[in-house]
Amino acid sequence: MKRLILASLAACAAAPALAQPSVPPPLTTPINGVRLDVVATGEVTRVPDQVTISAGVTSRAPQAQAALRDNAAQMERVRAALRRLGIADRDIQTGTISLHQDYERSPEGRTPSGYVASNQLNIRFRDVANAGRIIDALVAEGVNNVQGPMFGLENRESAVDEARTRAIAVARARADLYARTLGTRVRRIVAISETGQPGIIIGEARAAVANMDASTQIVPGEQVVGTTVSVTFELDPPPSR
């Protein structure tokens with residue numbers, strides 16, 4: 001195989017997009033002043049510290065059994081290489097296994113030409129800087145199908161908590177702005193709710209083209225983690241005019 005192309009993902013599909021703001025629920029706490037509902041989003045930027053790829057072997061043989069046997073032997077070499085490279089078992093997962101008959105096209109139509117067996121592994125690299133080197137080593141052991149990369153964060157919840165803090169700060173600053181415009185002040189926060197499921201809302205994942213005479217480069221780029229909150233404030237009544 002002379003060339004292997006890693007697909008580039010514009011966004012992390014595994015992470016959910018932020019939901020659209022919803023109407024705040026009715027309050028059970030009485031409000032004597034002015035009710036103000038604010039929807040705000042907080043965001044933080046992180047460099048991904050995990051990368052997942054799908055790597056596998058596709059084998060062809062005249063008979064189905066031979067295709068599966070050859071494929072299993074090649075995949076065992078790949079798994080042995082992963083162990084030598086220090087990839088933990090928990091970071092290796094079988095993705096797909098397939099077997100199908102192959103055909104050749106001719107003027108008379110399609111003619112059976114053998115069988116194709118494929119086995120794909122989902123591999124997570126916690127050392128992003130060395131991911132490209134590991135991919136090159138896997139290709140040298142017979143991997144001929146690579147897809148990805150997909151980037152992620154090991155401590156994603158910490159980033160989400162920081163985004164929540166920023167979202168509350170944004171909501172409070174916006175409430176203060178409304179209050180000043182009305183000539184009054186914020187009395188208290190009455191209710192807070194998180195809208196939708198926090199997630200990675202922007203992912204800029206980049207990967208380089210890999211040739212057998214050049215090393216693969218994995219460039220993680222950045223991800224923006226965000227969450228949206230709905231906050232209900234009580235403002236003092238504005239002065240009479």
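The values are calculated or read from the model by the stated rules, or taken from the named source; none is laboratory data. Here the structure is a predicted model, which is why all the values come from computation and not from measurement. Here the Cβ is made from the backbone with ideal geometry for all residues, glycine too, and neighbour counts use every protein chain on show. Protein only, heavy atoms only, side chains kept; ligands, DNA and RNA dropped before computing areas. Shrake-Rupley method; radii C 1.70, N 1.55, O 1.52, S 1.80 Å.
A 1.4 Å probe, protein heavy atoms only, puts the accessible area of Asp102 near 50 Å². Heavy-atom accessible surface of the stretch 137-195, averaged per residue, reaches 54 Å², computed with a 1.4 Å probe. With both labels modelled 7 Å from their Cα along Cα-to-Cβ, the Thr165 to Arg110 distance reads 5.9 nm.
Multiplying the residue separation of Asn155 and Ile97 by 0.36 nm and removing their Cα-Cα distance gives an extension gain of 17.8 nm.
Calculated on the Cα set of the stretch 131-188, radius of gyration then Dmax: 24.0, 72 Å. Using the Cβ-Cβ distance between Ala64 and Gln197 with R0 = 51 Å, the FRET efficiency computed as 1/(1 + (r/R0)^6) comes to roughly 0.70. Each residue was assigned an accessible area with a 1.4 Å probe, and for Val39 the value is about 50 Å².
Of the residues Met150, Met75, the one with the largest accessible area comes first in the ranking Met150, Met75, computed with a 1.4 Å probe on protein heavy atoms.
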